[in-house]
Amino acid sequence: MATKQNDPGPRFRSLIELNRTLQERQEADAELDRRVRVLQAWQCERLLDTHDDLARHPRYGPGVDFFVQDLYAPKDFSDRDSDIERAVPAMVRLLPEGVLHTAADGAGLYVLSRELDHAMTNALFDEIGVEEIDADAYAEAYRICDDHARRVEQIELVAALAARLDRFVRSRFIYATLKMTRTPARLAGLGELQDFLERGFSAFHHMQGSADFAQTIVERERLILDRIFDRHPEPFSV
């Protein structure tokens, strides 16, 4: 059977396979794993500092927490990733196309971020030779990696994912379905995946509209990106 144009299923499968490859590479190299986690911890602190007003805002705080803690934090996400990998055949077969596009956007953001983190880790610890990451070294590593286009893609994926989540949390049917799958998912050994989905939907449902939230993040991150490549002396002061 011919693949439907813009079918998110093949993209989702491919991203999950790529994520497994990146995970196995990191698990096989203890020093790489340690360095990536150090980098991720620094990046989380930077994100929370840049978006401190959003993190403290009663409406947007859960959204910041979801992006930072569930996508960027230096945590072991292997159980969740294994859940997703095992669930892929059923997800591709059963999920509505729009929801599967959302899952693919989330996977795309996660995989791209991992790839960029691995490149940044090499630039920081091998090429620059840092012992401790600071803003100057981080900005220099950005320029060494020279991934401007992929960084723009990363920011745009944040906006796309936020917009898709925003649409789906407005659907009472999808939100109710997610709650109904809680027990079956845990009985099937997919508890980590279920918790991740619930946290994301809960955060965006709480916002009651994420357009301003996403626009603010995108504008700030694009400004920081441009400042880094323009060698601004304080690129993170936005």
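The values are calculated or read from the model by the stated rules, or taken from the named source; none is laboratory data. Keep in mind the model is a prediction, meaning the values are calculated, not measured. Glycine gets a Cβ as well: all are built from the backbone with ideal geometry, and neighbour counts include every protein chain shown. Note: accessible area is taken over every heavy atom of the protein model, side chains too, but ligands, DNA and RNA are not part of it. Shrake-Rupley method; radii C 1.70, N 1.55, O 1.52, S 1.80 Å.
For the reader, a short list of remarks on this structure follows.
- If you check Asp79, Asp53, Asp33 for being within 17 Å of the chain's Cα centre (by Cα), acidic (Asp, Glu) and in a helix (DSSP H, G or I), only one passes: Asp79.
- Residue list for region 57-70, restricted to those being surrounded by fewer than 19 Cβ atoms within 10 Å (Cβ to Cβ) and not in a helix (DSSP H, G or I): His57, Pro58, Arg59
- Pairing each residue of region 212-238 that is open to solvent by less than 60 Å² (accessible area, probe 1.4 Å) with any residue that is of a type in the set (Phe, Trp, Tyr), provided the two are 6+ apart or on different chains, yields C-beta distances under 7 Å for Phe213/Tyr60; Ile224/Phe236; Ile228/Tyr142.
- Being out of contact with any strand residue (DSSP E or B) (no Cβ under 6 Å at 6 or more places or on another chain), farther than 26 Å from Ile217 by Cα and open to solvent by less than 60 Å² (accessible area, probe 1.4 Å) is a property that does not hold for Gly106.
Here is a yes/no grid of residues against (1) part of a helix (DSSP H, G or I); (2) buried (at least 18 other Cβ atoms within 10 Å of the Cβ); (3) in contact (Cβ under 8 Å) with a residue 60 or more places away in the chain; (4) touching a strand residue (DSSP E or B) at 6+ places or on another chain (Cβ under 7 Å):
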position: Leu112; (1), (2), (3), (4): yes, yes, no, no
position: Ala119; (1), (2), (3), (4): yes, no, no, no
position: Phe125; (1), (2), (3), (4): yes, yes, yes, no
position: Ile133; (1), (2), (3), (4): no, yes, yes, no
position: Arg143; (1), (2), (3), (4): yes, no, yes, no
position: Ala149; (1), (2), (3), (4): yes, no, no, no
position: Glu153; (1), (2), (3), (4): yes, no, no, no
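- Residues that are more than 30 Å from Leu223 (Cα to Cα) and without any contact (Cβ under 8 Å) to a residue 60 or more places away in the chain, drawn from region 26-59: Glu27, Ala28, Asp29, Ala30, Glu31
- Residue within region 71-84 that is more than 30 Å from Glu97 (Cβ to Cβ), open to solvent by 90 Å² or more (accessible area, probe 1.4 Å) and modelled with pLDDT of 90 or more present: no
- Ala176 being at pLDDT 80 or above and assigned to a helix (DSSP H, G or I): no
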